[in-house]
Structure formats: structure tokens, C-alpha cells
Amino acid sequence: MSEFPVHPVPESFKGAHITADNYAAMYRESIEDPATFWGEMATRFLHWHQPWNEVVSYDFPKGEAAWFSGGKLNVSVNCIDRHLPEKAQQPAIIWEGDDPTDSRIITYAELKDAVCRLANVLKSRGIQRGDRVCIYMPMIPEAAFAMLACTRIGAIHSVVFGGFSPEALKDRILDSSCSVVITADEGLRGGKRVALKRNVDKALDACPDVHSCIVVARTGAEVDWHDTRDVDYSQASAAADSDCEAEVMDAEDPLFILYTSGSTGKPKGVLHTTGGYLLHAASSFHYVFDYRDGEVFWCTADVGWVTGHSYIVYGPLCNGATTMIFEGVPTYPDPGRFWQVIDKHQVNIFYTAPTALRALHAVGDEPVKRTSRSSLRLLGSVGEPINPEAWEWYYRVVGESRCPIVDTWWQTETGGMMITPFPGATPLKPGSASFPFFGVDLALLNEEGAEIEGAGAGYLVIRASWPGQIRTVYGDHQRLIDTYFSTYPGYYFTGDGATRDEDGYYWITGRVDDVLNVSGHRMGTAEVESALVLHDKIAEAAVVGFPHDIKGQGIYCYVTPMQGVTPDDALKAELIALCVEEIGPIAKPDIIQWAPGLPKTRSGKIMRRILRKIAENELDSLGDTSTLADPEVVESLIAERQSH
Ligand code: WT7
């Protein structure tokens, strides 16, 4: 699969939680007897107020799954209170600000205090169990406080990435009918301010049911203030009681909603529940990162994505770990920032995305080598396929050939890691996510939907429920069934393609649907297309991905202007602005190509396969174009492509 050599398990990991001696037997039990396996895990990793009646029951065709039914627990108790007897003074969160001179340490005792106070503020605004709370925050400790405060009282949080536009924020608030928004005056990233409160104000013009907006003063900027609606976070928290009794939740009560993009329509509100999700996040954190008490763990994701939910907040805190929250960006004030922060806070385990590694690799080794990184023990990668070149650089230069790399494949819908090496058990093949996590029953299907045995390439599907499984698409259960459980009946369809080599290693090849992965951000081509056609000079648009050195995938837009419109650069600029306005800066098109027509079948369906090939400049493999209504369209698109 790759010419790069296999890296054996290092001596230093021979005593890991999972080794070659116990992995196979544990994995086998997790598949053959999930009830026993996960029952033991649930006792080991979680504190329960009341035990469950049944470990698991599920029905894929109906999109139903229940884990630990009848069991009662509270997530904030698991992430905070139960660690207090031993770890009250241990750092729970180390916060590193955008400015390198700015940092904060929050102990478990302080975390308890902050979370309870905010929970009481939410209660004082009428929030109860089951209500939805939108969190639109920069990467500051209060983002984690807000999530945990919701869990304290059984409210369902919906974190919206702070890079989304007011329009995108509004859609998400309305879709899950949130009644409160928690935000900050401004965010700070790479020295630039992000007007979060102003974005919220704009969004809330169209959200009459939001009665409260809790605002953290991050930069102290002047912001518009709506007296009856807006609440000053620090004043209200200071006035609130520092104790808040934890709401006892059912294992299957909703924990959070997180919006993610699909191949069609608007983003889906992925709903996760309490017991199964927390167990998946906590157990995978412990085993995959081989976490040891007292270690400092740093995941560079944003809490606006699932990686931040599971591996900045819930997984680490449920294990009583010390987790970092980093407000900044990898290249500010200089491209050595990650490595400097690792030295500053003596980070032991570092988990980041391939896009960041590629960008930093491009700058050269010098900024890395200026730092020590001697605290590092383990490295991780997540979010998109990691090319073997970036993998090797990460391994040799960042980890000095001392630290294993866990390349973890999973999705918003899976809640936690699904395919991953175990650093003490898995010889590493650069670029392969390797083997399934406990309880994950994988298969590859061919075009006909039949399972492929042994080595081969196909569609990646999952045969049985796992604890962190998506429970529904908020407000639209049919969409869950249609998206994940109908393509191949009896399986969960991931949307990814993969190959399995002779040694059983999995290699994820990327999405096989119309979902893009741009710098690790997931985006539906349909979302970008809908933004483009909002322009009154645009008749039609088709968006595809193309290979991009740093971003992994770039956004390539074929745009057909209305008849009589002469397209020019000014119109291009307006279209780019429209995408940013409708979705956010992450949706900025890389290439806009004017297309007098789009290749369509006689029934009017756009042939994306052809558009993808043209965007990738793979003109020799366009395939069969004879079914097109107007084959000449392709010639003109190719001619136009040459000019980009
Ligand atoms: C999609 C899910 C995993 C949490 C962050 C992204 C791609 C994710 C890997 C990996 C190859 C990966 C897949 C997946 N992906 N991790 N290690 N190797 N591809 O979550 O936004 O829900 O995106 O990201 O295509 O389907 P997400």
C-alpha cells in the first residue's frame, strides 16, 4: 500500500494498557459478546446512579439503538465530581491563549465551581432538562464550562463552530429551537478579532424564541446590549450559587446535538445520548492514547467539531485527565507555536489534523528543531487521510522517531474513534488507520453490496451497533434511516471508501459521496451550490472537490451565469463573499470556473463524475460521455479548465 517501512511497537510501549497480548482477545470478546464486554467497561469507566437493565438493543433498519437502558448517570458528575476526592487541585484544563503570554490553569475544584455557577445561571433563565442551548464560543475555558453546565442540568447543547456565519448560526438555532445562546463578545485567533456577539445579534433577529444570550467578556470590546435578553457571564456567575445538584439522567437521554454536512440538503443535527457516548469517548481516550494519570493531553481541534467534544472535553475529563484548550492557530505568532506550547506546558500526548501538519511541514524543520518536545510520548492524527509523507515528517521530525502515531478514523456520527492503531499493540503503517476499535464490526462492500473477503477495496460499512452511535437526526428520524441505513440494508453506511490490505490493515481513501473535506472541515457540495445560486446573476452551479496540497481538498465551483450576463472578476468576488456570508470563511471557493453549460444526462442529472475528473485535471479518464444530453459541453469545460 505504501513504500514506507512498518514501524514496530517501541520498547517504551510494551507496558501499555493494550498490547499484542490482550488486544486480540479483547477485540474478539467485544464483537462476540458486546453485552459482557461493554457492561464491564461501563462499570470501569463510568459512575452510575443506578445500573442498567440491558446493555444494548438495536435495529439498524429502523435506525434505533439503545445502550444501558434504564441506567442513570450524569455526565458532569462523571467528568468533575467523582475526581474531586483525589484531584481537586489537579489541573483539569490548561488554557493557552492566542497571545503566547496568556494562559490559565483551571483545577478540578475550580471547574466544579464554574460549571455549577453557570448551570445555576441557566436555571435562573428558565432552562430545564431537555431544553436546547446553543454554544457559539471561541476556544476559551468557558466553552467547556458551558457544555458541562448543560449536562449538569440535563439541557441539550448544540455547539456551533465560531467560524460559522450569522446565517449558518441562525439556521442551526432554529432547527433545534434553542432558547439560549452562550457566546463571547469577541474571539481572538492569530491576532485577529472575530465579532461573535455581533454575529449572534444578527442571527437572533430571526430567532424570536431565544430569550437569553449569555456573553463572556473575552476581549472587552464594546458590543450592542439588549437589556432584557443579554446576560453578562461574569456578573451572573459571580452572583449564582456555586453548588448545583446534578440532574440524574437516563442513559438514553439526549446529551448534545452537533450539526454536520451531508451530501444533500442542509446540515443534519446529529444527536448523541448520555451513557453510550460518554463510555465510547472515555474508553477510547484511555486505551488509544494509553493515557496515564497526571499526563497533559492536547487535542488541537475546535470544540465546535466532534473531535473537540469527545477528545478535548468529555473523553479526557471523564478520565480525570489534564486537557489543553488552545485559543490560537498553528502559525501565530510564528510557525513554531505548536512545538513551543508543547514545551511550555510539558504536553505528553498531542492530537492534531493532517492539514495542520502539511502546512507546518511546508515551512521546514527549523521551527520544530528549535524546541525540545522531550515531554512528548504519543502523537495522533484525525480528520482526514494523512498522506505517508506528512506521517513520516510527523514521526521523524516532531516525534524524533520515538513517539508512535495513532491515525484515528471516525465521524461526527460515530461519537468516538472507530479505526485506530493501539500504540502498544499495532505495528504502524504510515497512512493506515489500521484496525477497528473495540466493538467496531467493519466490512467492505462491493458495488453490488456484497461483502468483500480478505484484501480489497470497497465501501466502508459497520455491521453492528457501537456505544457512540448516532441516535437520530434531530427532528428528522427518517433522514437518519435514509442517509445511513438504507443504502446497504442491515449495515451502517459511513460514506467513506477504504481498502484492506493482506495484513488486514484498513486504509481510508476518502468520501464516496458528495461531501468535501476541506482542511479537515466537512462540507456538503450542495451547501456551497445553494449559496452560489442565491446570486441573482447565477442560473446554476455544481461544486466538486479537487486535490489541494495543504487543505487536502479544495472547493471547485462550476458556475453558469444567467443568460445575458457577462461574467467577470467582480462577479467572482461577489460569489466568494456570498459563500462566506451564507456558510463561513471555511466555505470560500478556491476556483470558480464559468460554465456556459453543465454536463447532464438526458434526464437532467448533473454528471459529477465528469466534473470531478475535469477539476482534478484527469482528462484521460473522463469515462463514458455518450449518455450526456449535450457532449459538447464537456469540450468547452475542458478548454476553459486549461486557463486555470
Ligand atoms: C469524515 C468525518 C473524526 C472526527 C473529525 C471529523 C474523514 C476522519 C479520518 C482519518 C481518513 C478521516 C472521513 C470521515 N476522516 N478521520 N483518520 N483518516 N479520513 O469528523 O467532520 O464528521 O468527518 O472525516 O471521510 O467520514 P467529521
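Of all residues in segment 411-427, count the ones that are more than 13 Å from the ligand (Cβ to nearest atom) and either over 15 Å from residue 501 (Cα atoms) or under 24 Å from the mean Cα position of the chain (by Cα) (or both).
Residues flagged as more than 13 Å from the ligand (Cβ to nearest atom) and either over 15 Å from residue 501 (Cα atoms) or under 24 Å from the mean Cα position of the chain (by Cα) (or both) within segment 411-427 amount to 4.
Tell me, please, whether a residue that is more than 16 Å from the ligand (Cβ to nearest atom), over 22 Å from residue 496 (Cα atoms) and not in a helix (DSSP H, G or I) can be found in segment 351-369. Yes: one or more hits. In this structure, does residue 421 turn out to be at pLDDT 95 or above, crowded, with 22+ Cβ neighbours inside 10 Å and more than 26 Å from residue 66 (Cβ to Cβ)? The answer is yes for residue 421.
For segment 35-49, check the following and say yes or no: at least one residue is among the aromatic types (Phe, Trp, Tyr), assigned to a strand (DSSP E or B) and either within 26 Å of the chain's Cα centre (by Cα) or more than 17 Å from residue 283 (Cα to Cα) (or both). No - not one qualifying residue is present in segment 35-49.
Exactly one residue out of 105, 93, 140 is free of Cβ contacts under 8 Å to residues at least 40 places away in the same chain and either under 30 Å from residue 334 (Cβ atoms) or touching a Cys at 6+ places or on another chain (Cβ under 9 Å) (or both), and it is 105. Of the helices (runs of 4 or more DSSP H) lying entirely inside segment 528-644, the ones with 3 or more residues being β-branched (Val, Ile, Thr) are found at 632-641.
Could we say that residue 314 is within 22 Å of residue 162 (Cα to Cα) and either among the polar types (S, T, N, Q) or within 16 Å of the ligand (Cβ to nearest atom) (or both) here? Explain how you work it out, then say what you get.
Working: within 22 Å of residue 162 (Cα to Cα): yes; either among the polar types (S, T, N, Q) or within 16 Å of the ligand (Cβ to nearest atom) (or both): yes.
Considered against the rule, which asks whether it is within 22 Å of residue 162 (Cα to Cα) and either among the polar types (S, T, N, Q) or within 16 Å of the ligand (Cβ to nearest atom) (or both), residue 314 comes out as yes.
For segment 390-404, a residue qualifies if it is within 16 Å of the ligand (Cβ to nearest atom) and either at pLDDT below 95 or of a type in the set (Phe, Trp, Tyr) (or both), and the qualifying residues are 391, 394, 395. Being closer than 19 Å to residue 27 by Cβ and among the aromatic types (Phe, Trp, Tyr) is a condition met by no residue of segment 477-488. Note on segment 293-307: among residues that are within 9 Å of the ligand (Cβ to nearest atom) and not β-branched (Val, Ile, Thr), the one that is farthest from residue 345 (Cα to Cα) is 305. It is to be established whether one or more residues within segment 370-380 are assigned by the TED database to the domain that holds residue 425, at negative phi, at pLDDT 95 or above and part of a helix (DSSP H, G or I). Among the residues of segment 370-380, not one is assigned by the TED database to the domain that holds residue 425, at negative phi, at pLDDT 95 or above and part of a helix (DSSP H, G or I), which makes the answer no.
Within segment 346-366, is even one residue at pLDDT 95 or above, within 16 Å of residue 7 (Cα to Cα) and assigned by the TED database to the domain that holds residue 290? No, that holds for no residue.
Just one of the listed residues (140, 173) is within 20 Å of the chain's Cα centre (by Cα), modelled with pLDDT of 95 or more and within 20 Å of residue 80 (Cα to Cα), namely 140.
You will find that of 347, 368, 341, the residue that is within 20 Å of residue 293 (Cβ to Cβ) and aliphatic (A, V, I, L, M) is 347 and no other.
Restricting to segment 141-160, and then to whatever is touching an Asp or Glu at 6+ places or on another chain (Cβ under 6 Å) and assigned to a loop (DSSP other than H, G, I, E, B), can you tell me which residue is nearest to residue 208 (Cα to Cα)? So that I can check it myself, show each step before the final result.
So in segment 141-160, the residues touching an Asp or Glu at 6+ places or on another chain (Cβ under 6 Å) come out as 153-155.
When the remaining residues are screened for being assigned to a loop (DSSP other than H, G, I, E, B), the result is 154-155.
Working: 154: 23, 155: 20 Å.
Once the filter is applied, the top-ranked residue is 155.
Selection of segment 35-79 for residues being within 22 Å of residue 247 (Cα to Cα), touching a strand residue (DSSP E or B) at 6+ places or on another chain (Cβ under 9 Å) and of a type in the set (Phe, Trp, Tyr) yields 48, 52, 67, 68. Residue 572 meets each of the listed conditions (1) assigned by the TED database to the domain that holds residue 617; (2) within 14 Å of the ligand (Cβ to nearest atom); (3) of a type in the set (Lys, Arg) apart from (2). Does residue 407 satisfy the condition of being of a type in the set (Asp, Glu), at negative phi and within 15 Å of the ligand (Cβ to nearest atom)? Judged against the criteria, residue 407 is a match.
If only residues of segment 480-501 that are more than 20 Å from the chain's Cα centre (by Cα) and not in a loop (DSSP other than H, G, I, E, B) are counted, the one that is nearest to the ligand (Cβ to nearest atom) is 499. Under the condition of being surrounded by fewer than 24 Cβ atoms within 10 Å (Cβ to Cβ) and closer than 24 Å to residue 160 by Cβ, the residues counted in segment 105-120 number 4.
Pull up segment 370-382, narrow it to residues that are crowded, with 23+ Cβ neighbours inside 10 Å and not hydrophobic (A, V, I, L, M, F, W, C), then point me to the one that is nearest to the ligand (Cβ to nearest atom). For segment 370-382, the residue satisfying everything is 381. Within segment 166-199, the residues that satisfy the criterion of being part of a loop (DSSP other than H, G, I, E, B) and closer than 19 Å to residue 327 by Cα are 185, 186, 190, 191, 195. From the list 193, 218, 189, the lone residue that is touching a residue at least 24 places away in the same chain (Cβ under 8 Å) and within 21 Å of the chain's Cα centre (by Cα) is 189. So which residues in segment 341-373 are of a type in the set (Ser, Thr, Tyr) and touching an Asp or Glu at 6+ places or on another chain (Cβ under 8 Å)? The answer is 355, 371, 372.
Note on segment 502-521: residues that are surrounded by fewer than 17 Cβ atoms within 10 Å (Cβ to Cβ) and more than 11 Å from the ligand (Cβ to nearest atom) amount to 3. Candidates 384, 447, 400, 413: the one that is more than 14 Å from residue 284 (Cα to Cα), in contact with a helix residue (DSSP H, G or I) (Cβ under 9 Å, 6 or more places away or on another chain) and part of a loop (DSSP other than H, G, I, E, B) is 384.
Just checking, does segment 262-280 include any residue being in a helix (DSSP H, G or I) and free of Cβ contacts under 8 Å to residues at least 24 places away in the same chain? Scanning segment 262-280 turns up no residue that is in a helix (DSSP H, G or I) and free of Cβ contacts under 8 Å to residues at least 24 places away in the same chain. For segment 257-292, enumerate the residues that are within 16 Å of the ligand (Cβ to nearest atom) and within 20 Å of residue 22 (Cα to Cα). Across segment 257-292, the qualifying residues are 280, 284, 285, 288, 289.
The values are calculated or read from the model by the stated rules, or taken from the named source; none is laboratory data. None of these values were measured; they are calculated from a predicted model. All Cβ positions, even for glycine, are placed from backbone atoms using ideal geometry, and neighbour counts span all protein chains on display.
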